[in-house]
Amino acid sequence: MDNFEREGWRAVFIAIKGEENARLGWQRGSFYIYDQPYDDHRVGATSAALLMHCASGYMVAPFADLEDAARAAEIAEPLADWNKVFAGKPRDPAVADARAILRDAWPFFPIEMNFANEPVLLHNDRAIPTPEIA
């Protein structure tokens, strides 16, 4: 998605480990986001918007789209000094620490899709109401 626009976000080219060419993404504060195509075993070819920590390059979480990933970063930014949260730690403990900080602040829920064994997240206000069964 080359036409993402949201206040405070700037377009950047991101070098992705294992990929020859840089990818278009967007950066704001401690985080960047980009759209990553992949094959989901349930729906086939799709994509996830990845929320990444800039300095470490660690994925914080995959989201349904760039808007949700941006919203997540905007909520997260004031909650911690993210460079300290991620500093000098392997990926799994660093991401676990980040998610512990974010757990109660993020209004997102997992949907029935996975990216890299992680549930893809969707903002609560985009949930489809389940009809009540009489």
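Coordinate-derived values only; no laboratory data. Values in this document were obtained by computation on a predicted structure and should not be read as measured data. A quick note on method: Cβ atoms are made from the backbone with ideal geometry, for glycine too, and the neighbour counts reach across all protein chains shown.
The table that follows gives values for the structure above.
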item	result
Nearest 10 degrees, 0 to 90: helix 66-76 Cα axis against the chain principal axis	70
Largest-first principal axis extents, alpha carbons of the chain, Å	54, 32, 30
In degrees, nearest ten, helix 91-102 long axis to first principal axis of the chain (Cα)	60
Inter-site label distance for residue 6 and residue 105 at 7 Å from Cα along Cβ, in nm	1.5
Simple spin-label estimate for residue 87 and residue 116 in nanometres, 7 Å along Cα-Cβ	2.4
Radius of gyration and Dmax over the Cα atoms of segment 10-62, both given in Å	11.7, 34
